[in-house]
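The values are calculated or read from the model by the stated rules, or taken from the named source; none is laboratory data. Fair warning: this is a prediction, and the values are worked out from it, not measured in the lab. Virtual Cβ from ideal backbone geometry, glycine too; neighbours counted across all protein chains shown. Only protein heavy atoms, including side chains, enter the accessible area calculation; ligands, DNA and RNA are left aside. Shrake-Rupley method; radii C 1.70, N 1.55, O 1.52, S 1.80 Å.
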Amino acid sequence: MCIREQIQEHYDESLLFADGFDDCIIGVTDDFGTIRVIYCIEKMVETLMDDSTTWQEAMEYLEFNTLHTWVGRNTPIYMEKRECFTT
């Protein structure tokens, strides 16, 4: 059973998923009573790069089509890894 099916089985919420990025799911959160799926942005970029795109093209695609899209209170959360930030 894939992680998407496991999440859907465990939560009876109206969950929203980013199609094609099931391998990028890193968890769920209870956001004041709303369960939201959490994705790793770096894994999403890597997934797109597997399809012969550059990092820049993948990031532009995600920013335009996914990361800045609001589809209601169940909109997934997209997270960057802590290692990405410099001090």
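Listed conditions (1) over 15 Å from E80 (Cα atoms); (2) in contact with a strand residue (DSSP E or B) (Cβ under 6 Å, 6 or more places away or on another chain) are all met by S14, apart from (2).
Of everything in segment 21-37, what is among the charged types (D, E, K, R) and either more than 20 Å from L62 (Cβ to Cβ) or surrounded by fewer than 16 Cβ atoms within 10 Å (Cβ to Cβ) (or both)? Give them in sequence order. Let's see the steps before the verdict.
Taking segment 21-37 as the starting set, the residues that turn out to be among the charged types (D, E, K, R) are 22-23, 30-31, 36.
D23, D30, D31, listed by residue number.
For segment 1-15, enumerate the residues that are in a loop (DSSP other than H, G, I, E, B) and over 15 Å from P76 (Cβ atoms). Don't jump to the end; show me each part of the working.
Our first condition is that a residue be in a loop (DSSP other than H, G, I, E, B); within segment 1-15, this holds for 1-2, 11-15.
The answer is M1, C2, D12.
A count restricted to segment 17-73 and to residues that are in contact with a strand residue (DSSP E or B) (Cβ under 6 Å, 6 or more places away or on another chain), in a helix (DSSP H, G or I) and farther than 25 Å from M1 by Cα stands at 1.
Filter segment 38-69 down to residues that are open to solvent by less than 60 Å² (accessible area, probe 1.4 Å) and of a type in the set (D, E, K, R), then give me how many there are.
Step one: filter segment 38-69 for residues open to solvent by less than 60 Å² (accessible area, probe 1.4 Å), giving 38-42, 44-45, 47-48, 53, 58-59, 62, 66-67, 69.
Narrowing the set further to residues that are of a type in the set (D, E, K, R) leaves 42.
So the answer is 1.
In the condition set (1) surrounded by fewer than 17 Cβ atoms within 10 Å (Cβ to Cβ); (2) under 15 Å from I77 (Cβ atoms), A18 is compliant with all but (1).
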